[in-house]
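All of the numbers you see were taken from the coordinates with simple rules; none came from a lab. All of these numbers come straight from a predicted model, not from anything done at the bench. Every residue, glycine among them, receives a Cβ derived from its backbone with ideal geometry; neighbour counts consider all protein chains shown.
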Amino acid sequence: MKTKISAAITATMLFFTSTTCFAAAGTVTASSLNVRQAPWSTVIGKLDYGTNVEVLGAENGWYQIRFGDGVGYVFSDYVLHTATSVQTEPEAPAAEESAPTAGENILAYAKNFLGVPYRYGGSSPSGFDCSGFVKFVYGYFGVNLPRTSYSQMQSGYAVSTDALQPGDLLFFRGGGHVGIYAGDNMYIHAPQTGRTVSVDPIDRTIIAARRIF
């Protein structure tokens with residue numbers, strides 16, 4: 001039996017102090033949204049598309065929600081705001097900043113390895129192949145992807161090439177090659193022997209795109 005979730009999610013970034021409380025309402029927009037024990041940690045459950053949820057806090061692109069008898073964390077990118085009520089004691093308003101999305105964090109970390117040589121079977125900064133590079137980058141954020149590109153193509157959920165976001169996985173050559181979408185029709189990948197980890201234009205047919213979070 002699925003745990004019945006009552007919730008609220010706000011789609012704007014809120015900064016909390018000891019004098020701030022809020023209630024909000026929203027619905028999950030992903031087909032299957034992971035709920036984690038803490039940001040970037042173990043998955044403790046999933047929420048289906050259209051699920052209503054209750055928010056207890058928000059920071060750096062994550063929402064703390066009530067999940068069953070406890071709490072969990074989800075990415076704020078995949079909820080639709082419907083209502084918010086905020087109460088605070090009088091104080092100077094905090095400046096709001098646009099926090100990076102999960103995918104942007106993935107991309108920023110991946111770029112640390114630009115110039116690392118391609119090595120068949122490689123999965124470390126001494127040398128990467130395409131799927132080893134993707135697995136290593138996502139592993140830094142606590143996501144244990146399969147080792148091969150063909151298996152990675154079954155991870156997360158499918159997204160349209162018209163709705164790509166930085167951090168999405170892109171698959172080419174029947175699933176034999178994988179890279180990470182970098183925005184502006186570019187992707188970062190470990191290309192082939194004789195080359196290094198690079199950001200290149202997408203000049204080949206994408207056969208699948210997957211979003212992990």
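Each Lys and Arg contributes +1 and each Asp and Glu -1, all at the Cβ; summed about the Cα centre of region 126-203, the dipole is approximately 340 debye.
Cβ crowding within 10 Å ranks Asp129, Asp69 as Asp69, Asp129, fewest other Cβ atoms first. Zone of Tyr157 (label point 7 Å along Cα→Cβ, backbone N under 17 Å): which residues in region 57-78? Backbone N within reach: 63, 73-78.
Annotation for Glu104 and Val43: the two label points, set 7 Å from Cα along the Cα-Cβ direction, are 2.5 nm apart.
If neighbour count is taken as other Cβ atoms inside 10 Å, put Thr29, Thr101 in order from fewest to most.
Details: Thr29 14, Thr101 18.
So the ranking, lowest neighbour count to highest, is Thr29, Thr101.
Note on Leu80 and Phe141: their simple-model spin labels are 2.4 nm apart, each label 7 Å out from Cα toward Cβ.
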